[in-house]
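Written below as structure tokens is the structure these notes are about.
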Amino acid sequence: MPEPGEATELRAALLRLRRSSGLPVVFGGLLSDARRAMIAELSGAQTPALRGLVVSAGSGLGGKAIALSRPCAVTDYPSSRHISHEYDTAVATEGLRSVVAVPVVVRRTVRGVLYGALREPLTLGDRTFDAATSAARDVEQALVVRDEVQQLLAAAREQVAEPTTGPGTWEDVREAHRELRALVPKIVDASLREDLLAVCGRLAMAAGAGRIPGAGRIPGAGRIPGAGRARLAPREVDVIACVASGATNAAAAERLGLRPETVKSYLRSAMRKLGAHTRLEAVVSARRAGLLP
């Protein structure tokens, strides 16, 4: 079964596919193992016949797309000679005729399949194929981000739980914190986003408590007024984290998916809240306030 966040991303991609293509029925699912996908999300269906259907690699149109790792389509599903017909009953119950299936492929591994269908035997054009492919790419990107977040979260939790020594350890922690913060806006799943922010907070708190080697050796000026009382918006923290890595406003904008002017605005606001007059003072102040590791 897909995780709740994955189901949300799949559902959103299918709704975009339906709007952009004009297809009356769209559905899909992620693979439960290397060979089978369960249809878990539907939009426009008139019956429950397709929900919960398990599609095996090589079987039917979707199974063919999974096995070949490429889009496949038929003009008239019931009479097509290019696919096997294990799922004809469910397809006929829903009244589907012309169908396209597109695999969701992440790092050369099929992770799911999306379908779009008509209730008439009509040839599907390039616009439909492009829309279906674009929807699959959206799911692929979402899964890539989720995979990356899970890996970073595991590494960050391990670092907080069992800090290690070494000259590069602290910079590794700070880099992990920056990467996690940059991924927050890309996460659709609210619970995963909360987990990510919680780990970022634990990294910063571990630094303030001196649990991670090197945390106490913060370069910069002395005590900055207002640092301990500062409350920054999430995006202001993201910008300060980029500044801490030495990024320019332009580089921070590219990393965060913002305009340079927007980054500049967030930075000005953060500096005002932190009582800082320079970029370095803002970074030092944010660390003293426990906002950055």
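Computed from the Kirkwood radius of its Cα pairs, the Stokes-Einstein diffusion coefficient for the stretch 102-145 at 10 °C and 1.306 mPa s stands at 141 µm²/s. In this structure the amide hydrogen of Val104, modeled in the peptide plane, comes within under 5 Å of the amide hydrogens of Arg111, Gly112, Val113, Leu114, none closer than 5 places in sequence on its chain. In percent, what relative contact order does the stretch 39-109 have, based on Cα pairs under 8 Å that are 6 or more apart in sequence? 32 percent. Each peptide in 59-70, 41-52 receives the mean, over its residues, of other Cβ atoms within 10 Å, and ordering these scores from highest gives 59-70, 41-52.
Any idea what the dipole of the stretch 232-286 comes to, in debye rounded to 20, about its Cα centre with Lys/Arg Cβ at +1 and Asp/Glu Cβ at -1? All intermediate terms of the calculation are to be shown ahead of the outcome.
Working: 8 positive and 5 negative charges, 26 e Å.
Dipole about the Cα centre, nearest 20: 120 debye.
Look at the alpha carbon pairs under 8 Å that are at least 6 residues apart: their mean separation over the length of the stretch 4-146 gives a relative contact order of 26 percent. Volume per residue for the stretch 27-105 equals 79 cubic angstrom (convex hull of Cα atoms).
Return the whole-Å distance between the Cα centroid of the stretch 1-67 and the Cα centroid of the stretch 175-199. Using only Cα atoms to place each centre, the spacing works out to 27 Å.
Put simply, the C-alpha atoms of the stretch 4-146 give a gyration tensor, and the ellipsoid matching it has half-axes of 21, 16, 14 Å, longest first.
Where a number appears in this text, it was derived from the coordinates with a stated rule and is not lab data. Model, not experiment: these values are computed from the prediction. Here Cβ is always computed from backbone atoms with ideal geometry, including for glycine, and neighbour counts include all displayed protein chains.
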